[in-house]
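Novice: Here it is, the structure, as structure tokens.
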């Protein structure tokens, strides 16, 4: 920022460097954000990259007090939000079902969940070998606010309608 302000003659626009920092940090921030199934990770990292870039521009522009206030308040805010996140905690529950791979079961599982108002937040299906049989392994996560009675009923319905080879709550 100092080079942009003082390194060129008066015809240069010092805001051009700040615009390039914004573009570059936007690109890096987007790269820090990762989507894993229904979860998105890296938002805090991307936000921290933005904060550091803005603080750097502020220091380069001579706004030391604003940079110091932003740094201290950002650190305090991140610490408070982390402790709040731990207290609230998203405790998604997961279950794994192994079904006979020869039958179309995933659609039926979704129908059962819909009937019982169990909201599935993430589903992964893959073929596995179960003994000497090709099987379908379905790993699913459901909303942590789902009532325990709904989960019990879900497992009973899965047992009755899908006849799984195995079912586990994790």
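The values are calculated or read from the model by the stated rules, or taken from the named source; none is laboratory data. In this text the structure is predicted, and so the values were computed from the model without any measurement. Here Cβ is always computed from backbone atoms with ideal geometry, including for glycine, and neighbour counts include all displayed protein chains.
Novice: Suppose the filter is under 18 Å from the mean Cα position of the chain (by Cα), at pLDDT 85 or above and under 24 Å from residue 122 (Cβ atoms); does residue 32 pass it?
Specialist: The answer is no for residue 32.
Novice: Still on this structure: Within 30 Å of residue 24 (Cα to Cα), at pLDDT 80 or above and loosely packed, with under 14 Cβ neighbours inside 10 Å: is that true of residue 156 in this structure?
Specialist: Details: within 30 Å of residue 24 (Cα to Cα): no; at pLDDT 80 or above: yes; loosely packed, with under 14 Cβ neighbours inside 10 Å: yes.
Criteria not met by residue 156.
Novice: Going through the range 97-122 one residue at a time, which ones are within 19 Å of residue 153 (Cβ to Cβ) and touching a strand residue (DSSP E or B) at 6+ places or on another chain (Cβ under 8 Å)?
Specialist: Within the range 97-122, 97, 99, 105, 109, 110, 113, 118, 119, 120, 121 meet the criteria.
Novice: Among the helices (runs of 4 or more DSSP H) lying completely within the range 40-144, list those that include at least 1 residues that are closer than 22 Å to residue 161 by Cα and in the same structural domain as residue 164 (by TED's automatic domain parsing).
Specialist: On the way: elements: 43-60, 64-88, 106-115.
The helices (runs of 4 or more DSSP H) meeting that bar are 106-115.
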